[in-house]
1. Can you say what percent of the DSSP beta bridges in the chain, counting only those with both residues inside, are antiparallel? Round to 5.
2. Could you please state, rounded to a whole Å, how far the C-alpha centre of the range 201-233 is from the C-alpha centre of the range 3-77?
3. Hey, fewest Cβ within 10 Å first, where do ASP389, ASP259, ASP304 land in order?
4. Tell me, how many Å apart are the Cα centres for the range 294-324 and for the range 328-396?
5. Provide the gained length on full extension for the span LYS254 to ASP287, in nm with one decimal, where the gain is 0.36 nm per separating residue minus the Cα-Cα distance.
6. Rounded to the nearest 0.05, what FRET efficiency is calculated for ILE344 and HIS102 with R0 set to 25 Å and r the Cβ-Cβ distance?
7. Relative contact order for the chain using alpha-carbon pairs under 8 Å, separation at least 6, rounded to a whole percent?
8. Report the full-extension gain for the segment ASN317 to PHE14: residue separation times 0.36 nm, less the Cα-Cα distance, to one decimal in nm.
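Quick note: the coordinates plus some simple rules give every number you see, no bench work behind them. Only a predicted model underlies this, so the values are computations on that prediction, with no experimental measurement involved. Every residue, glycine among them, receives a Cβ derived from its backbone with ideal geometry; neighbour counts consider all protein chains shown.
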Amino acid sequence: MQTLIQAEQTREDFLPFALPSIGEEEIAEVVDTLRSGWVTTGPKVKRFEADFAAYTAASHALGVNSCTAGLHTALAGLGIGPGDEVILPTFTFCATANVVVHLGATPVLVDIGSDFQIDPVAVEESITSHTRAIMPVHYAGQACDLDAIYEIATQHKLAVIEDAAHAVGTTYHGKQIGSDLLASGYPRLRRATAFSFYANKNITTGEGGMITTADDQLACKMRVLSLHGMSKDAWKRYADSGSWFYEVVSAGYKNNMTDIAAALGIHQLRRLDGFIGTRQQFARMYDEAFAGLDTLKTPLMHADRNHAYHLYAICLNLQELTIDRAEFINQLKERNIGASVHFIPVHLHPFYRDHLGYRRGDLPRAEAIYESILSLPLYPSMSTKDVNDVIVAVHHICSANRR
Ligand SMILES: Cc1ncc(COP(=O)(O)O)c(C=O)c1O
């Protein structure tokens, strides 16, 4: 590593922060779909749902057009609406909170721990007589403290909607996120998990998502809600065995997944374990290369969980540096390396400040982490040279800007 670090040379080409890995099988399956005459929700969505349910060990998997749509459908399926409060971490993408607002309910934002995950103590302290659900986020591809969340939810009769946008392929106590098995010790718990297949996620369908649940009644309700509240989907109406008749049983949404997206998903899912293996290998390279630096902290690992490394987020030790996080990212960019920030805490966004009355200082741990955090490039199509270029650049920026 030392020789590499001494021999810094700016990359000639820009290393993007994230890129999808689309193979020939995905392309062939999409072409097959386009030629089949059936491009919207149909047989390929059914296949992808069955494969996903088997992969996660879930009773039900429902394809949707984004994780946002999945979270929205799950909340609606649980009957969350005006007057209800839903507890979620402030350290998340705005979608987690926005869907609560869409349903006329109130997001109650809570702080995180040093592992960047929702703090169960803060969750318990925020429960009121209006609380109906908890939406934990499995930040970066490592699970939050699920047992603590399930325990609190069971005690207070709350539903749990897990935001697993980052956590396709993540395990907790050896079980897949979204699996029925995770909550087998909590038989009364109502629960659903929503995944994202957005372009930069562990697997992608361009835009897309999946909801899993063990709850037969909820699954049925979500399926109807995800397609206009119609009693039958188009595949059941237009396929040769179908009938034209349907009834609208609720004012549902247009949240369904297309067969074009599912064609990608079927093959991406088969490659998921390989993708995660590569992400973990690159994360280990970062961990080892940054272990000796007092100018930054590498992600905290829990021994009882794997890390699917959707993100590799480091925290700068700003006391040891003469530059702030924004300048650190600028200096990476000058070296042709992309980076990003996950996340601007939800409560600092103008909408949540102006409409829900949040202020800077309300959730201090997330605010402090936000000031110093950045995500480095980490994806399966990177080469080890790309990973080394990032390592060398980070070392040089740290030593050039040491206090
Ligand atoms: C934590 C989190 N939740 C939800 C979403 C929304 O996912 P999608 O783009 O699939 O709707 C994202 C997207 O990045 C996310 O990071």
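1. Working: 25 of 42 bridges.
Percent antiparallel among DSSP bridges in the chain is about 60.
2. 15
3. Values: ASP389 22, ASP259 26, ASP304 12.
Ascending number of Cβ neighbours within 10 Å: ASP304, ASP389, ASP259.
4. Each part's Cα centre sits 11 Å from the other's.
5. Numbers: separation 33, 0.36 × 33 = 11.88 nm, distance 4.26 nm.
That pair, LYS254 and ASP287, stretches by 7.6 nm at full extension.
6. Details: r = 20 Å, r/R0 = 0.80.
For ILE344 and HIS102, the calculated efficiency is 0.80.
7. On the way: 849 pairs, mean separation 93.4, N = 403.
Worked out over the chain, it gives 23 percent.
8. Details: separation 303, 0.36 × 303 = 109.08 nm, distance 2.62 nm.
The span from ASN317 to PHE14 would gain 106.5 nm if fully extended.
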